[in-house]
1. Can you name the condition, by its number, that residue 116 falls short on among (1) without any contact (Cβ under 8 Å) to a residue 24 or more places away in the chain; (2) surrounded by 17 or more Cβ atoms within 10 Å (Cβ to Cβ); (3) of a type in the set (Val, Ile, Thr)?
2. Looking at (1) more than 16 Å from residue 21 (Cβ to Cβ); (2) crowded, with 16+ Cβ neighbours inside 10 Å; (3) small (Gly, Ala, Ser), which is the only condition residue 95 fails?
3. Of the conditions (1) of a type in the set (Val, Ile, Thr); (2) at pLDDT 95 or above; (3) closer than 19 Å to residue 152 by Cα, residue 61 fails just one. Which one is it?
4. Read through the list (1) hydrophobic (A, V, I, L, M, F, W, C); (2) loosely packed, with under 14 Cβ neighbours inside 10 Å; (3) more than 17 Å from the chain's Cα centre (by Cα), then give the number of the only condition that residue 7 fails.
5. Suppose we filter 144, 131, 101, 136 for residues that are among the aliphatic types (A, V, I, L, M), farther than 21 Å from residue 68 by Cα and either buried (at least 21 other Cβ atoms within 10 Å of the Cβ) or touching a residue at least 40 places away in the same chain (Cβ under 8 Å) (or both); which single one remains?
Amino acid sequence: MNKIWKLIISLVLPFIASAIGGLFTVSSVSTWYVDLVKPSFNPPSWLFGPVWTILYLLMGIALYLVWTKKFNKQAFTLFGIQLVLNALWSILFFGLKQPLLAFIEIIILWVMILVTIIYFYKINKNSAYLLIPYLLWVSFAAILNLAIFILN
């Protein structure tokens, strides 16, 4: 497979997860979520879209760098697992309106992102570095998720 197709596939996969999560987010973000008590450090709603777009783009580039360096089934599996967990969080939090379950799940997601970073680092250091902002944002999201659960 040539590099252009690898790049396209690598970029599309994270945005598929984004679209799946978005289906569940859209239905609640202007209704249920609005009525939740949020902590003082809750970012403005308009910030989430641009941040996640950048993070999904970085995830895709990271996957591409690993894929072009060496096809590795375990690296793809780890990336796939964390991507599924990423989409699952939106389903639990926004779709099912279960902040506690979403918090438990986001901790598992955080661990899987870390494992993916460690594994990617062994194949291509730059790919691992590209996932660090994702890990940091999910760390913040986990704290925000917990605070929303506690306040509500």
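1. Only one criterion in (1) without any contact (Cβ under 8 Å) to a residue 24 or more places away in the chain; (2) surrounded by 17 or more Cβ atoms within 10 Å (Cβ to Cβ); (3) of a type in the set (Val, Ile, Thr) is unmet by residue 116, namely (1).
2. (1) is the only condition that residue 95 fails.
3. So the condition that residue 61 fails would be (3).
4. (2)
5. After ruling out the rest, the residue left standing is 144.
Per-residue answers, yes or no, for (1) under 18 Å from the mean Cα position of the chain (by Cα); (2) surrounded by 14 or more Cβ atoms within 10 Å (Cβ to Cβ):
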| position | (1), (2) |
| --- | --- |
| 32 | no, no |
| 38 | no, yes |
| 43 | yes, no |
| 49 | yes, no |
| 74 | no, no |
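The values are calculated or read from the model by the stated rules, or taken from the named source; none is laboratory data. Computed from a predicted structure; not experimentally measured. Glycine also receives a Cβ, built like all others from the backbone with ideal geometry; neighbour counts cover every protein chain displayed.
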